[in-house]
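Notes to accompany the following structure.
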Amino acid sequence: MKGYIFDIDHFAVHDGPGIRTTIYLKGCPLRCLWCHSPESQAKAPEILYLQSRCISCGSCVSACRPGKHTINQSGLHIYNREGCTACGACAKVCPTKALSVCGCEKTAEEVIDEGVQDMVFYRNSGGGVTLTGGEILYQPLFALEILKGVKAYDIHTIVETSGFGEWYQLQEISRFTDTFYYDIKLINEDLHKQFTGASNRIILDNLTRLAKVHRHIVIRVPLIPGFTDPIDNITAIYKLAADNGIYQIHLLPYNPSAPAKYEWVGRAYKPGSLDVQSGEYLEGLMGQKLPGQEVVIMR
Ligand code: SF4
Ligand code: SF4
């Protein structure tokens with residue numbers, strides 16, 4: 001079985017306990033306004049272009065058969081994404097790595113091999129493999145195959161998901177998952193539609209079903225200033241967790257490096273300039289937690 005990935009990160013220490021290998025599947029059905037990895041949204045490979053690295057040498061012009069690169073009259077390089085097949089010929093000849101291909105097709109076996117090669121480090125550190133995206137439910141059979149393969153070596157597995165997918169697929173995946181990192185962004189359905197492009201009903205229904213069959217779920221909340229971090233949204237998420245018997249919640253403060261990535265894919269970062277939450281504000285959010293809940297700020 002083959003699927004699309006956009007990265008494999010060995011020796012990761014921020015994606016769960018111990019030393020881990022984090023596997024990033026490419027493609028996501030949601031379009032969160034603030035997405036911190038816009039290069040993960042499309043399933044197919046795509047070209048990343050970092051203009052600041054371009055020296056306008058023109059090597060890409062002759063490498064590209066469909067003629068997507070030109071040097072204009074002022075001697076500056078122009079890249080036209082429309083009709084680009086992401087064949088990667090231009091990236092191969094770019095001397096400064098201004099052009100690169102994001103994403104590739106791999107077999108599940110190839111990905112599993114990468115996941116098991118650091119087994120000795122998992123054993124010594126209490127680590128394992130983390131499967132994330134993009135959205136793993138966008139390639140559910142591929143995700144399942146990888147998890148089954150990794151679990152055959154008795155490796156600890158974490159799955160990070162938005163929960164936006166078919167329940168029967170999530171249920172099957174849960175059989176090979178030790179811990180879920182389940183992203184909840186907004187409780188208000190209208191706001192969820194407005195800022196992610198989809199209703200949150202499937203996400204909330206799947207969480208309730210998952211909580212009935214799986215004991216290790218951590219709710220993760222990306223704190224986007226003015227969008228997901230208002231106190232009424234966070235307290236509603238605490239209540240959702242309590243209603244489903246989930247006591248662990250991770251709050252992820254805003255990452256100001258996200259907007260820079262939008263240049264790579266030739267898109268604008270729509271939320272505009274946002275301020276990182278202050279320590280005082282984060283403490284205030286933690287202070288609203290319900291009895292028995294463990295809320296951690298993931299800095
Ligand atoms: S990836 Fe291929 S089609 Fe796209 S610009 Fe580069 S050479 Fe041209
Ligand atoms: S090959 Fe790279 S550095 Fe040269 S013009 Fe193209 S993008 Fe710019």
Along the charge dipole of the chain, Cβ charges K/R +1 and D/E -1, which of Phe6, Gln293, Ser257 sits furthest on the positive end?
Phe6
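To check you understand DSSP bridge types, tell me what percent of the beta bridges within region 1-158 (both residues inside) are antiparallel, rounded to 5.
Counting DSSP beta bridges with both partners in region 1-158, the antiparallel share is about 65 percent.
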Divide by every residue of the chain the summed helix terms, -39500 (n - 2.57) for each DSSP H run of at least 4, and state the resulting mean residue ellipticity at 222 nm, rounded to the nearest 500 deg cm²/dmol.
-9000 deg cm²/dmol
Could you tell me which residue out of Cys60, Ser125, Gly16 lies farthest along the dipole of the chain toward its positive end? Charges go on the beta carbon: Lys and Arg +1, Asp and Glu -1, centred on the Cα centre.
Cys60
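So if I place +1 on the C-beta of Lys and Arg and -1 on the C-beta of Asp and Glu, and nothing else carries charge, what would the dipole magnitude of region 46-102 be about its Cα centre? I want it in debye, nearest 20.
That gives region 46-102 a dipole magnitude of about 120 debye.
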What relative contact order, as a whole-number percentage, does region 46-102 give when Cα pairs under 8 Å and 6 or more residues apart are counted?
47 percent
Pop out the ³J(HN,Hα) list for region 17-30 in order, Karplus 6.51 cos²θ - 1.76 cosθ + 1.60 with θ = phi - 60°, rounded to Hz; leave Gly and Pro as x.
x, x, 8, 9, 9, 9, 10, 9, 7, 9, x, 8, x, 8
Rank by packing, highest mean first: peptides 249-257, 73-81, with packing defined as the count of other Cβ atoms within 10 Å averaged across residues.
249-257, 73-81
Count charges around Leu186 for me, please; just the other residues with Cβ under 13 Å from its Cβ, Lys/Arg as +1, Asp/Glu as -1.
-2
For region 144-198 and region 1-54, distance of Cα centres in Å:
16 Å
Of all DSSP beta bridges in the chain, antiparallel share, percent nearest 5:
40 percent
How much length would be gained if the chain were fully extended between Arg53 and Lys148, taking 0.36 nm per residue of separation minus their Cα-Cα distance, in nm to one decimal?
30.1 nm
Taking the Cα centre of the chain as origin and charging only Cβ (+1 Lys, Arg; -1 Asp, Glu), how large is the dipole, in debye to the nearest 20?
600 debye
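Rank-order 232-245, 285-298 by packing density, defined as the average count of other C-beta atoms within 10 Å over each peptide's residues, highest first.
Going from most to least packed, we get 232-245, 285-298.
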Note down the relative contact order for region 67-226 as a percent, whole number, built from C-alpha pairs under 8 angstrom at least six residues apart.
15 percent
Spin-label model distance (nm) - Gln248 vs Val120, 7 Å beyond Cα toward Cβ
2.8 nm
If you average the sequence gap of Cα pairs under 8 Å that are 6 or more apart and divide by the length of the chain, what percent do you get for the contact order?
18 percent
Provide the packing ranking of 53-63, 148-158, i.e. peptides ordered by the mean count of other C-beta atoms within 10 Å per residue, highest first.
148-158, 53-63
Proxy reagent accessibility, fewest Cβ within 10 Å first, across Trp264, Trp34, Trp167
Trp167, Trp264, Trp34
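Every number here is computed from the coordinates shown, using simple stated rules; none is lab data. The model shown is predicted, which means the values in this text are computed figures rather than measured ones. Note: ideal-geometry Cβ built from the backbone for every residue, glycine included; neighbour counts use all protein chains shown.
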